[in-house]
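The values are calculated or read from the model by the stated rules, or taken from the named source; none is laboratory data. Remember, predicted model here, so these are calculated numbers, not experimental data. Here the Cβ positions follow ideal geometry from the backbone for every residue, glycine too, while neighbour counts run over all protein chains shown.
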Amino acid sequence: MMRQKIGIIGAGAVGSAALLSTVLRGVASEIVVVNRDPKRARGVVADVQYGAALSPAVTMRAGNYPDLEGAALVMIAAGTNEMAGGATDRTDPAGRLRLLEGNARVYQQILPSLASATPDAVILVLTDPPDPLADLVRTFGFKHVLSSGTLLDSLRFRCHLASHLNVDAASVEANVLGEHGTSQTFLWSSASISGVPVLDALKLSGDMRDSFCRQIEHDVRFANIEIIEGNKASQFGIGMISARIAEAVLRDERAVLPIGSYNHQYGVTLSMPSVLGRTGVVQVLEPSMSADERRALSLSADTLRKAFATLSPNAHD
């Protein structure tokens, strides 16, 4: 099996976690880390490198944009996080979208150099808010653009359900779609364990069922804020899923994951169950949804379209 070169732009909390997870998973044979402060990139690479002898062989180095030439996939983790950007208020309906304008300016500085170095790479956006930033990346001519989307939200959903059911989270099938943010859509109608509907397995009905669903959605929707309040950054989960996405792409797996890509039906980047291959999302699967879930997904798409439309024209020329 051929292992390939990837790039990581941004060596902060998320970029560092993505690097570590990618090394541990043995995804790539070469990793180049680019950071606004080259000294930071060199320090992070050196730290990981000293333990990398315990993992599958990989060459890693700090570099600059020209060093990304030939990368099959580039992760972008640069920008301001929720804590630094003031996006940790649970009552703020904007949520992560509050970071869009500032992080779009960061991307404006990155994308021209990235396009010159490796225009055909799959671009995986990790920076919040990843969905409208992925749309911004597309405006710079990139054809294969992914948002980390709701894969992490879906895993959080499964973990919370598994805890209540006292089963392994890997045995729970449950997806969150739409925005990686406050308008995300929970697919309760198809959440299951080995074909058994989750809500049937929980043996809840009426008001108890509604209360349970609201509590789970709250816990998943604001899991990042709880993490940030304890650890100042939500980094390890996103690092782990970024490595999993990279693995599926580089190995042309055709794995089906809920991640973000531009959806022509909705006119915006949002998360749907997606078949991942060497060029990114190669097919989007439209799941069965209840009428309420379909309305919620349409509202999520509206939220994302409006957010992207707020960017000043020079942010996506």
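Annotations for the structure displayed:
- Hey, Thr139 farther than 16 Å from Gln184 by Cα, in contact with a Leu (Cβ under 7 Å, 6 or more places away or on another chain) and touching a residue at least 60 places away in the same chain (Cβ under 8 Å) or not: no
- Residue check, Ala246 out of contact with any Lys or Arg (no Cβ under 9 Å at 6 or more places or on another chain) and either assigned to a loop (DSSP other than H, G, I, E, B) or buried (at least 20 other Cβ atoms within 10 Å of the Cβ) (or both): no
- Test for Ser183: is it among the small types (Gly, Ala, Ser), within 30 Å of Thr80 (Cβ to Cβ) and either at pLDDT 95 or above or touching a Phe, Trp or Tyr at 6+ places or on another chain (Cβ under 7 Å) (or both): yes
- From Ser261, Ser288, residue being touching a helix residue (DSSP H, G or I) at 6+ places or on another chain (Cβ under 8 Å), within 25 Å of Pro119 (Cβ to Cβ), not in a helix (DSSP H, G or I) and not acidic (Asp, Glu): Ser261
- Matching residues in the range 72-128 - criterion: being in contact (Cβ under 8 Å) with a residue 24 or more places away in the chain, in a loop (DSSP other than H, G, I, E, B) and polar (S, T, N, Q): Thr80, Asn81, Thr88, Thr118, Thr127
- Among the residues making up the range 1-55, a single one is loosely packed, with under 14 Cβ neighbours inside 10 Å and touching a residue at least 40 places away in the same chain (Cβ under 8 Å): Met1.
So that you can scan it fast, the table gives a plain yes or no per residue for (1) crowded, with 18+ Cβ neighbours inside 10 Å; (2) farther than 22 Å from Leu19 by Cα:
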site	(1), (2)
Pro130	yes, no
Leu133	yes, no
Glu173	no, yes
Ser190	no, yes
Asp200	no, yes
Val220	yes, yes
Asn224	yes, no
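- Against the list (1) in a loop (DSSP other than H, G, I, E, B); (2) touching a Pro at 6+ places or on another chain (Cβ under 8 Å), the condition Met272 fails is (1).
- Residue in the range 140-149 that is at pLDDT 95 or above and surrounded by fewer than 17 Cβ atoms within 10 Å (Cβ to Cβ) present: yes
- Set side by side, the residues Ala201, Ala191, Ala233 differ, and just one is at pLDDT below 90 and either on the phi < 0 side of the Ramachandran plot or not assigned by TED's automatic domain parsing to the domain that holds Pro93 (or both), which is Ala233.
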